[in-house]
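Novice: Below you will find the structure I want to go over with you.
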Amino acid sequence: MIKVENAFFTYPSGVKALEGLNLEIQDGEFIGIMGENGAGKTTLVKHFNGLLKPTNGSIYINGKNTRETTVAELSKNVGLVFQNPDHQLFCETVEEEVTFGLKNFGFAEEKIVERTDWVLNFLELERYRKSSPFILSGGERKRVALAAVLAWDPNILVLDEPTIGQDYLQKERLRQYIEQLNGQGRTVIIVTHDIEFIAECKPRIIVLSKGKIINYATAKEALTNSENLSKASIFPPQIAQLFTQIADLGLPKDVIDVYEAKVLIENLLKGGKRNEGV
Amino acid sequence: MKVFEGLKFSRKTSIIHFLDPRTKFLVSCVIFLISLIFSELIILSILFVAQIPLILLAKIQREWSHSIRGGAFLIIIILSTNLIFGYISNNFQLTSRLLIHSIAMAFRFIIITSSFSIFFLTTSPDNLSLALEQSHIPYEFCFAFTTAVRFVPVLANEAQTIIDAQRSRGLEVEKGNFLKRVRKYIPLLIPLIVNAIRRSLELAEAMESRAFGAKKQRTNIYSLKIKKADSIIIISSLIIIFLAIYSKFNLQIPIIQIPLLPP
Amino acid sequence: MSPAIEVRNLFYSYPGAEKHTLENINLVIERGDFVVLTGPSGCGKTTLCRCLNGLIPHFYGGKFNGTVIVDGLSVKDHPISALAQHVGFVFQNPENQLFALSVEKDIAFGLENLALPRAEIIKRVKWAMKITGVTELRENAPHELSGGQQQRVAIASVLAMNPHVMVLDEPTSFLDPMSSKQLFEVIQTLNKETRLTIILVEHRLDLLSPYAKRIIVMDEGKIIADGSPRSILSSKKVFSLGVGIPKVTRLYQLLLENGVSLDSPPISVKELERELRRRII
Ligand SMILES: Nc1ncnc2c1ncn2[C@@H]1O[C@H](COP(=O)(O)OP(=O)(O)OP(=O)(O)O)[C@@H](O)[C@H]1O
Ligand SMILES: Nc1ncnc2c1ncn2[C@@H]1O[C@H](COP(=O)(O)OP(=O)(O)OP(=O)(O)O)[C@@H](O)[C@H]1O
Ligand SMILES: [Mg+2]
Ligand SMILES: [Mg+2]
C-alpha cells in the first residue's frame, strides 16, 4: 500500500513541485496519473521508491516511512521505469540491463536466465540482446528500460510514460500485460499524456495540476469531465468528445470505450426503427 | 558535492551579479595580490572583514559558507603545518610571532578562497565566456573554457543520475560502513566514463545541427559593457593596489603581540 | 524551383550493421508540404530524418548510397553546419539537444553561429520563446526543466533559426495534449504563412491527422504507403501494421465490420459527428 501524507516537495532551485498531496493507493489497484507538463507527476512517482524524499509530510510504502529505508530496499517492491530511458540505462548490453536488477535482488541463476529470456522475448528485444542500448531506436530504448524493471516482477509497478515512442501494437501488448499483472494482484501506476491509451486501460485516474490533486475518480468519470481535464491541459479521448457532442441524440455522455461506442451507434443507426417500434 | 557549491554559479539578482565579470575578476585579483604581499594579521583581518559586505550584498552567504566549510580541512592543515614546522625550526619554542603567523596563513587561504568563490558564484559561465570573447580570445578557446568550467556540475549530475538508476534497481549504496560504500561506487565508474563520452558525442551532434562552425566569427546574444559602477570600482581597485604596494615598502605595520607568550 | 526534399534510391546501413536500415527509399516532398512520417518502432524513421540534415552520413558514417537533396543542396556534399541553415532538426529526445546554461542562451545558440546582428538575435529569440510558451522559463537551466518544458525549448531553438524545412522527430512525445495541439497549430500556421516544409514523425495520429496533408508509412526500412491522411488511416493494412489511427476512424472500421457503412472514413471527431447527424435526419 502507498500512503502519501500531506507531502510537499521543493527542488533545491526553489521550484515547488508538490504542494500538499494526500493519497492512498491500495494493493492491487490500477492507477493512471495525468496532468500538464510540469504538474509534478514525475516528482511524485520518484517519491514512491524513495529517490526523492518529501520536504514536508511523509510517504509510506507498505507501512514503512520512505525516510527510514533505502531506495534499493524499496525497489524490490516498487519498480520504477523512468520517463527518459537515457536516465535509466547504463550497461553495455541490453542483456546486462535486464540482469542487473535480478542479480541485485539475489535471484537464482536459472531464474535469472528464465526471466531474461522471457522479458526480451515479450518486448521483442531478443535480437538486440548483445547490442548496446544506446544504438537502439527511441522506442526500442524505452522498451529496454521497461524490460529492466518488468524482469524482477515487482509488486508495485510504476511506469512513467511507458508508451513514449511505441506503436499501437506495442502499446496493445503492454496494456494486455499490465491488465494481466493487475489481475494477479499487482499494483500498477502509470503516468502518461497518452489519453487514448488511458481510455483503453481504464485505470482509476488521478489528475494532478500545479502540484495538487484536482481529481481522483474512475476512468469514466475523470475522462468525461472535460472542464476538470482542461485545467490540466488535457482533452477527453475522442470517443468521449464524440458522445458529448451527440448527447442530444439520446445517447449517454459518459462513453470512453470504442467497442461500447460501436454498440451504441450501431443500435442508434440500425435500431432507429427498433426504437420507434418500442 | 557540497565543496563544489562554492564554485557553482547561482543565478540571483544583486549589485555584485550585475557587475562586469572583468571588474569582478580584477577585484578578486587585487584581493589575491594584497593577501600575498602582506603576511601581517592586521592587514589580512581587514581584508577579510572587507569581503563580508560583498558576500552579503551578493546574497551568497549560504553557498560561501559551504565552500569555506568544505575547505575547513585544508585550513586546519595549513594552520597545523605552519605551527609544527615553525615550532620545530624555532627550537621547540612557541612564540607569539609564530602563532600569529600561522593564523595569518590560514586567514590568507580563507581570503583567497572567498574572493574567487565570490567571483564564480556571481558570474555566470556564459558571461565569463563572453568576457573572454570580448578580450579577443578565439571562440573555440572560450568554448572549451566554459565547457570545462561547466563540466564539474554536469559530471556530478550525471553521476547522480546513474546512482539513481542503479539503486532503483536494487543496488544498495546507502548502507554499510565507509569502505563498503566506497566499493559500491565502483560500478558507477565505467558507466560514468562511457556516458561522459556519449554525452559529448550527443552534444556535438546537437551543436552541429544548429550550425556550429558555420561562420568564422560568431555573435553573442549578450554583450558586456563597462558601466559607471564598474569604472568606479576598477579605478578604486587600481588605487588600492598602488597604495598597498607603496605602504608595503614605506610604512611600518604594527605587530600584534599575544600576552603570555614570548614575542 | 526544386522540391524541398528529393530522395533517390537511398540505401543506408549503420557502421557494423549487416542489414540495410533504409532500403531503396524514393521520395519527393514539395515545398510547403506538411508530411507525417509514421511506422512501427524501429522501422527507420529517425534514420531517415538523420539523412535529411546530413547527420547521416557525416556524423554517423556507415554505408550511404543514393542521393538526398534538401532545399537544393546535396546532403553528401555539404557539411552539417551549412545544411543546418536550411533544415532545422528537432531530436527525438529533448534533453540531448539542450546544452546551454539558460533557455534563452540555448535558443540563441544557432543564431549566434550564423553571426546574425545582436538585435536580430534578440528579436527572433523573443519570438520563438513566445510562440512556444517558454518566455517565463527564459532564465532557467534547461536540465532542470520537466520533459515537456525541455521539448518546447528544443522546438523554439530550431524555429528561431527560421529554416525552410523543418524535421521534427516525435516532437510531442513528452508534451501534454493541449501543448501538442498548440504545437501543431504553430507549425501549421508557419507552414501556411511562410511555406515552411514540415516533416514530422509521430505515432499518435489522433491529434495530428487534421493538420497533415500527407502521411508516409514505413516498415522495416521501406516506404510501404504514402497518401492523404484519409486514405492512409482508413487502410486496413496500415492498421494491422500497428499504426495508431484515431479512435473515430477505428470506430468507423468497427461499424463497417458490422455492416454499418458510413459515407467516408472520418479522421476527426467533427467529421464523424456530422456524418452521424446526417444519417439520423
Ligand atoms: N531537477 C530539477 N530541478 C529543479 N526543478 C525541477 C527539476 N525537475 C523538475 N523540476 C521542476 O519541477 C516541476 C515539476 O516537474 P515534474 O518533472 O515532476 O513534472 P511532470 O508532471 O513530470 O511534467 P512532464 O509531463 O513535462 O514530464 C516543474 O516545474 C519542473 O520545472
Ligand atoms: N546509431 C546506430 N547504430 C546502429 N544501429 C542503429 C543506430 N540507431 C538506430 N539503429 C537501428 O536502426 C533501426 C532503425 O532505427 P530508428 O531509430 O531509425 O527507428 P525509428 O523508426 O525512429 O524507431 P522509434 O519509433 O522507436 O524511434 C533500429 O533497428 C535501430 O536498432
Ligand atoms: Mg514527467
Ligand atoms: Mg525514432
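Novice: Please pick out the residue among A:E92, A:E114, A:E124 that is in a helix (DSSP H, G or I), away from ligand 3 (no atom under 16 Å from the Cβ) and of a type in the set (D, E).
Specialist: Values: A:E92 fails: in a helix (DSSP H, G or I); A:E124 fails: in a helix (DSSP H, G or I).
It is A:E114.
Novice: While we're here: Cβ-Cβ under 8 Å, sequence separation 6+ or interchain: first residue in region A:124-147 and more than 10 Å from chain C (Cβ to nearest Cβ) and open to solvent by 40 Å² or more (accessible area, probe 1.4 Å), partner within 8 Å of ligand 2 (Cβ to nearest atom) and assigned to a helix (DSSP H, G or I). Which pairs?
Specialist: Partner pairs satisfying both residue conditions: A:F134/A:R141.
Novice: Mind listing whichever residues of region A:134-171 are more than 16 Å from ligand 1 (Cβ to nearest atom) and not in a helix (DSSP H, G or I)?
Specialist: A:L136, A:S137, A:A151, A:W152, A:D153, A:P154, A:N155, A:I156, A:L157, A:Q166, A:D167
Novice: Does region C:64-84 hold any residues that are among the hydroxyl-bearing types (S, T, Y) and open to solvent by 50 Å² or more (accessible area, probe 1.4 Å), and which are they? Don't jump to the end; show me each part of the working.
Specialist: The first filter runs over region C:64-84 and keeps only residues among the hydroxyl-bearing types (S, T, Y), leaving C:67, C:74, C:81.
Answer for region C:64-84, where residues must be among the hydroxyl-bearing types (S, T, Y) and open to solvent by 50 Å² or more (accessible area, probe 1.4 Å): just C:T67.
Novice: Right, next: What helices (runs of 4 or more DSSP H) completely inside region B:106-211 contain at least 3 residues that are among the charged types (D, E, K, R)? Let's see the steps before the verdict.
Specialist: Details: elements: B:125-134, B:139-167, B:178-184, B:186-208.
Because the criterion is at least 3 residues that are among the charged types (D, E, K, R), the helices (runs of 4 or more DSSP H) in region B:106-211 that meet it are B:139-167, B:178-184, B:186-208.
Quick grid of which residues meet (1) on the phi > 0 side of the Ramachandran plot; (2) away from chain A (no Cβ under 13 Å):
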| site | (1), (2) |
| --- | --- |
| C:L10 | no, yes |
| C:S13 | no, no |
| C:H20 | no, yes |
| C:V28 | no, yes |
| C:G42 | yes, no |
| C:H58 | no, yes |
| C:G61 | yes, no |
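Novice: Hey, does region A:21-34 have a residue that's within 13 Å of chain C (Cβ to nearest Cβ), closer than 30 Å to A:S230 by Cα and either loosely packed, with under 15 Cβ neighbours inside 10 Å or more than 16 Å from ligand 2 (Cβ to nearest atom) (or both)?
Specialist: Residues of region A:21-34 that are within 13 Å of chain C (Cβ to nearest Cβ), as a first pass: A:33-34.
With closer than 30 Å to A:S230 by Cα added as a condition, the list becomes A:33-34.
Then keep just the ones that are either loosely packed, with under 15 Cβ neighbours inside 10 Å or more than 16 Å from ligand 2 (Cβ to nearest atom) (or both); that gives A:33-34.
Yes.
Novice: Of all the helices (runs of 4 or more DSSP H) wholly in region C:1-119, which have at least 3 residues that are within 15 Å of ligand 2 (Cβ to nearest atom)?
Specialist: Values: elements: C:45-52, C:80-83, C:103-113.
Correct list: C:45-52.
Novice: How about region B:111-128: which of its residues are open to solvent by 20 Å² or more (accessible area, probe 1.4 Å) and away from chain C (no Cβ under 14 Å)?
Specialist: Result: B:I112, B:T113, B:F116.
Novice: Name the one entry in A:I213, A:I265, A:I239, A:I205 that is free of Cβ contacts under 8 Å to residues at least 40 places away in the same chain, surrounded by 16 or more Cβ atoms within 10 Å (Cβ to Cβ) and either more than 13 Å from chain C (Cβ to nearest Cβ) or within 27 Å of C:E257 (Cα to Cα) (or both).
Specialist: Numbers: A:I213 fails: free of Cβ contacts under 8 Å to residues at least 40 places away in the same chain; A:I239 fails: free of Cβ contacts under 8 Å to residues at least 40 places away in the same chain; A:I205 fails: free of Cβ contacts under 8 Å to residues at least 40 places away in the same chain.
The match here is A:I265.
Novice: OK, next. Give me the strands (runs of 3 or more DSSP E) completely within region A:1-69, filtered to those with at least 3 residues that are over 22 Å from A:I234 (Cβ atoms) and touching a residue at least 24 places away in the same chain (Cβ under 8 Å), ordered by residue number.
Specialist: Working: elements: A:2-10, A:16-25, A:30-35, A:56-61.
Answer list for region A:1-69: A:2-10, A:56-61.
Novice: Which count do you get for residues in region A:171-191 that are touching a residue at least 40 places away in the same chain (Cβ under 8 Å), within 14 Å of chain C (Cβ to nearest Cβ) and either within 16 Å of ligand 2 (Cβ to nearest atom) or surrounded by fewer than 23 Cβ atoms within 10 Å (Cβ to Cβ) (or both)?
Specialist: Within region A:171-191, residues that are touching a residue at least 40 places away in the same chain (Cβ under 8 Å), within 14 Å of chain C (Cβ to nearest Cβ) and either within 16 Å of ligand 2 (Cβ to nearest atom) or surrounded by fewer than 23 Cβ atoms within 10 Å (Cβ to Cβ) (or both) number 1.
Novice: Tell me, which helices (runs of 4 or more DSSP H) lie completely within region B:1-80 with 2 or more residues that are in contact with a Phe, Trp or Tyr (Cβ under 9 Å, 6 or more places away or on another chain)? Full working, then the answer.
Specialist: Values: elements: B:15-18, B:21-37, B:41-57, B:61-70.
It comes to B:21-37, B:41-57, B:61-70.
The values are calculated or read from the model by the stated rules, or taken from the named source; none is laboratory data. Predicted, not measured: the structure shown is a model, and the values here were computed from it. Methodologically, a virtual Cβ is constructed for each residue, glycine included, from the backbone with ideal geometry; neighbour enumeration extends over all protein chains shown. Ligands, DNA and RNA are excluded from the accessible area calculation, which covers all protein heavy atoms including side chains. Shrake-Rupley method; radii C 1.70, N 1.55, O 1.52, S 1.80 Å.
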